[in-house]
Amino acid sequence: MKHMKKTFLLLASALMAVSATAESKIIPIETENVGLVYSVGDNGRLYQRYFGKKLINAEEYAKLPQGIEAYLTHGMEDYFEPALHINHADGNQSTLLKYVDSSTTTNADGSVSTVISLVDPEYNDEVKMHFTAYPDCDVITTYTEITNNEKKPIELEKYASSLLTFNAPAYYLTQYDGDWANEANLKEQKLEFGKKQLDTNLGSRHNMFLAQFFQLSIGAPAQENSGEVLAGNLGWTGNYRYTFEVDREGKLRVISGINPYNSEYTIAKGETFTTPEFHFTLSQEGKGGASRNFHDWARQYKVKDGMGDRMTLLNNWEATYFDFDEAKLIQLCKDAKTLGVDMFLLDDGWFANKYPRNGDTAGLGDWGENVEKLPNGFYPVIEEAKKQGVKFGLWIEPEMVNPKSELYETHKDWVITLPNRDEYYFRNQLVLDLSNPKVQDYVFSVLDDLKTKYPEIAFFKWDCNSPITNIYSPYEKNQKHLYVDYVKGLYNVLERVKAKYPELAIMMCAGGSGRGDYKGLEYFTEFWASDNTDPIERLFIQWGFSQIFPSKTICAHVTSWNRDASIKFKTDVAMMGKLGFDINLHELSESDLRYAQQAVREYNRLKPAILEGDQYRLVSPYDGNHTSTMYVTKDKSKAVVFAFDVYPRYNEKMYNVKMSGLDANKMYNVKEINRYDCNDQNVGQYSGNYLMTVGLPMFTGNKLHSRIYEVSAN
Ligand code: GLA
């Protein structure tokens, strides 16, 4: 009897729980395949009820348990890392958020935006959670707005852009870390109880040690073509932090946002702080699916001129370094034409007179043409470029200053530096204080003045070689704001550049890929992946960046690094990104030059697949001595497959490379193209089914050997 009573009570409370949740408000944020669902609890607070593969029947979201609070706040009953921590004027550090309302709108580009408003009933501070779902590419972006509705200023100690929670038996995190010339090394680890943070404190060159994205595999280690994988990127060109915390119940919380390290931010009464966007996708087709989602989204919605073409180029950096004059540059314009590329890009070393830029120790900040090297400015070079039918591009590094410069002498108040300590220099330079609007004007004027004087400049390589060192701003009233205000100042400048020069192509560079995030890429058309252009290293580095960035954004140049590798091997590697050359053409043999010219022609012809198509990573360089990647046009009529033998072992067993993304029912003609002898070779006719199921023998036992196959539907 006693037992029956207990069972009845349990049943009754379970029924109550079901009916209470069924009644609560459900807010689904959905793409074609992903569902992120919030709901309001009986206590009026907002919970993340679901995040995963979209359910066919949305009504069934109500059957799920409530989940973890959507935007966890500090000071309440949850014992784990909060997304929001406000220090109120009265010294109270707690925040409690209750649901107010939500709205959904469909945007002109087809994306769907949802805003959920929350308010603290005690302090009236408001949090608006914004989401935009891009249904066709399964990407969701999110950020929050935090408004101070108190009578006095409040300090935001933590202010994440996003909190996502998971409940699965295991989690595997993949990060891409490294250093200068050694970027984006893939490392995967299992997450156990506790916290793992991926973050940087570098300020300007913020990605120097860690690429700004991660993959999280849910349930099992990440696979290329299967399994559930979250990929994420914070759109913030500065210090960021991703916190992965597994709690006592084995639930995982992923918090993404500006790195709160030394960045407590005070906002005045009535003021709103807007966090940067966190961009993410959840794929059921492994890392490859997540990459393709990001690539599609990036091209269609995010990157500057994302759907536009990209220019091939000849760069003089490694060919001349700082040692050039007008005659050499004129010759380089001719060389660009000979090679068949679209542009000649003049790198570092063209500016400054009192302290000429003949090395990296002087001149940064003084952006007048050096009269020794360029007595007639760029006019004769631009004239020659026009004559040759190539464009002219220019390197700048406008956020930086060498202490040996006129800018430093006249405007030390514009420099981030400690007033009472010896200066520490990274690459002999310091960072300008972009929190100061006057400095923003100056940095804008560097590009604007050049463009005004030489409207023909068709491209800029915008470099940023130093992290923020000697952290102190002569301008800021609250020094803790500097890391954040630096980035806001940078965006003010870049907004102006984009507004005035919407068509201008610009490469984001920071001593290699010390910068690379999707907010930055709203202003830049591409980024420099690494100063390391050894093709073997590049196979790994490009593999890393291709995880979330489409090939048209990844600048890849052929250089003289690695004298053992042939021009063909180097060029084949660079053709998987945005192709450029940084070599002295006159050092090439006749046949090397002939090959390079052919490669440029082939690249231009294959751009619809390589730059606009779907990428499939077929064989990982991390798995052995060979690697292969392919690109398929959206209509599956054409594909390009790259295959590389790096250092095969003696008598190594070789397996076929199975293709992906083709139409199984179509017949394809396969030929090897871009051969060193410049003669294409027919391989045969195969169905898509055969190529994807059986594959072709593409690898060999030759060292540093590469092949490109063109696959064309009949
Ligand atoms: C950085 C860039 C290089 C080159 C040099 C010039 O290191 O990454 O590509 O432009 O600066 O100083």
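Annotations for the structure displayed:
- Positions within region 378-403 being of a type outside the set (A, V, I, L, M) and within 15 Å of the ligand (Cβ to nearest atom), in sequence order: Gly393, Trp395, Glu397, Pro398, Glu399, Asn402
- Subset of region 167-192 that is more than 22 Å from Lys251 (Cα to Cα) and hydrophobic (A, V, I, L, M, F, W, C) - its residue that is surrounded by the most Cβ atoms within 10 Å (Cβ to Cβ): Ala184
- Here Val431 meets each of (1) away from the ligand (no atom under 16 Å from the Cβ); (2) in contact with an Asp or Glu (Cβ under 9 Å, 6 or more places away or on another chain); (3) outside any helix (DSSP H, G or I) with one exception, condition (1).
- Spans of strands (runs of 3 or more DSSP E) in region 34-147 with at least 1 residues at pLDDT 95 or above, among the small types (Gly, Ala, Ser) and more than 30 Å from Arg299 (Cα to Cα): 34-40, 112-119
- When Leu332, Leu345, Leu339 are checked against the criterion of being open to solvent by less than 30 Å² (accessible area, probe 1.4 Å), in contact (Cβ under 8 Å) with a residue 24 or more places away in the chain and within 16 Å of the ligand (Cβ to nearest atom), a single residue qualifies: Leu345.
- Taking region 71-92 as the range and being surrounded by 14 or more Cβ atoms within 10 Å (Cβ to Cβ) and either without any contact (Cβ under 8 Å) to a residue 24 or more places away in the chain or polar (S, T, N, Q) (or both) as the test, the residues that pass are Thr73, Gly75, Met76, Asp78, Asn87.
- Scanning region 259-276 for residues that are open to solvent by 10 Å² or more (accessible area, probe 1.4 Å) and assigned to a strand (DSSP E or B) yields a total of 4.
- Checked against the criterion of being within 15 Å of the ligand (Cβ to nearest atom) and within 30 Å of the chain's Cα centre (by Cα), region 365-373 has at least one qualifying residue.
- Single residue of region 196-206 satisfying the filter (more than 23 Å from Tyr472 (Cβ to Cβ) and not aliphatic (A, V, I, L, M)) that is surrounded by the most Cβ atoms within 10 Å (Cβ to Cβ): Lys196
- Of Thr320, Thr361, all but one fail to be within 12 Å of the ligand (Cβ to nearest atom) and buried (at least 17 other Cβ atoms within 10 Å of the Cβ); the exception is Thr320.
- Residue match in region 222-235 (condition: within 19 Å of Ala510 (Cα to Cα) and either open to solvent by 10 Å² or more (accessible area, probe 1.4 Å) or touching a Cys at 6+ places or on another chain (Cβ under 8 Å) (or both)): no
- Here Asp614 passes the criteria (1) closer than 25 Å to Glu285 by Cβ; (2) buried (at least 21 other Cβ atoms within 10 Å of the Cβ) except the one numbered (2).
The values are calculated or read from the model by the stated rules, or taken from the named source; none is laboratory data. Please read all numbers here as calculations on a predicted model, not as lab measurements. Note: ideal-geometry Cβ built from the backbone for every residue, glycine included; neighbour counts use all protein chains shown. Surface areas here come from the heavy atoms of the whole protein model, side chains and all, with no ligands, DNA or RNA. Shrake-Rupley method; radii C 1.70, N 1.55, O 1.52, S 1.80 Å.
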